[in-house]
1. For the range 19-63, enumerate the residues that are more than 21 Å from LEU74 (Cα to Cα) and touching a residue at least 24 places away in the same chain (Cβ under 8 Å).
2. Taking only the range 14-36 into account, find how many residues are surrounded by fewer than 10 Cβ atoms within 10 Å (Cβ to Cβ) and in a helix (DSSP H, G or I).
3. Return a yes/no flag: does the range 112-121 have any residue that is in contact with a helix residue (DSSP H, G or I) (Cβ under 6 Å, 6 or more places away or on another chain), assigned to a helix (DSSP H, G or I) and not small (Gly, Ala, Ser).
4. Mind listing whichever residues of the range 37-58 are of a type in the set (A, V, I, L, M, F, W, C) and not in a helix (DSSP H, G or I)?
5. Can you confirm whether ILE93 is more than 21 Å from the chain's Cα centre (by Cα) and of a type in the set (A, V, I, L, M, F, W, C)?
6. Taking the range 59-109 only, how many residues are outside any helix (DSSP H, G or I) and either closer than 14 Å to ALA126 by Cβ or of a type in the set (Ser, Thr, Tyr) (or both)?
7. Might you let me know whether the range 127-138 holds any residue that is within 30 Å of LEU28 (Cβ to Cβ), aliphatic (A, V, I, L, M) and at pLDDT 85 or above?
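The values are calculated or read from the model by the stated rules, or taken from the named source; none is laboratory data. Computed from a predicted structure; not experimentally measured. Glycine gets a Cβ as well: all are built from the backbone with ideal geometry, and neighbour counts include every protein chain shown.
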Amino acid sequence: MESINDQKNYKKNIKAYHPKTNYFINCLKAFLVGGFICFLGQCIESFYLAVTNFNEKTVGNPTVATLILISSLLTGFGVYDKIGQFAGAGSLIPVTGFANSITSAALEHKSEGIVLGIATNLFKLAGAVIVFGVVSAAVFGIIRLTINNLLG
């Protein structure tokens, strides 16, 4: 009986030793870092528009590819993880966070070889995201087609 009371009081007793979370500061860091990533993306897009033959409709693809490349390189050098620890969700939500998670999975299993380590673990995460994206696009496409046909 005594152990049940100890288990109930455990949460109460341990709470005093937990650090207090400063939600405002965490939100501010996430906002600033996420905003900086978006600002960097806008600068890259403006650079491509000024220097290359891309137009406003086609400049998005190389911009995203460049952000993914930068994020993957920073992950490989161990910098993006420090940014993620500082900013939290601010670094995870943009496309750079997805590139970080894929690159991290590949790096984590590189000792197992290129095919069974890097490629297999790289596509475990990416495959699920790609499948979900394709299925979601198909479902929403069918819904939109149905609504358009019903409305005329």
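1. Within the range 19-63, just ASN26 meets the criteria.
2. First, the residues of the range 14-36 that are surrounded by fewer than 10 Cβ atoms within 10 Å (Cβ to Cβ): 14-21, 23-25.
Next cut, in a helix (DSSP H, G or I) only: 14-17, 23-25.
So the count comes out to 7.
3. Initial filter on the range 112-121 (in contact with a helix residue (DSSP H, G or I) (Cβ under 6 Å, 6 or more places away or on another chain)): 117-118, 121.
Among the residues that remain, those that are also assigned to a helix (DSSP H, G or I) are: 117-118, 121.
Next cut, not small (Gly, Ala, Ser) only: 118, 121.
Yes; the residues of the range 112-121 include at least one that is in contact with a helix residue (DSSP H, G or I) (Cβ under 6 Å, 6 or more places away or on another chain), assigned to a helix (DSSP H, G or I) and not small (Gly, Ala, Ser).
4. Of everything in the range 37-58, just one residue is of a type in the set (A, V, I, L, M, F, W, C) and not in a helix (DSSP H, G or I), namely PHE54.
5. Spelling it out, it is not the case that ILE93 is more than 21 Å from the chain's Cα centre (by Cα) and of a type in the set (A, V, I, L, M, F, W, C).
6. 1
7. Going through the range 127-138, the residues within 30 Å of LEU28 (Cβ to Cβ) turn out to be 129.
From the residues that got through so far, the ones that are aliphatic (A, V, I, L, M) too are 129.
Right, trim to at pLDDT 85 or above and you get none.
No - not one qualifying residue is present in the range 127-138.
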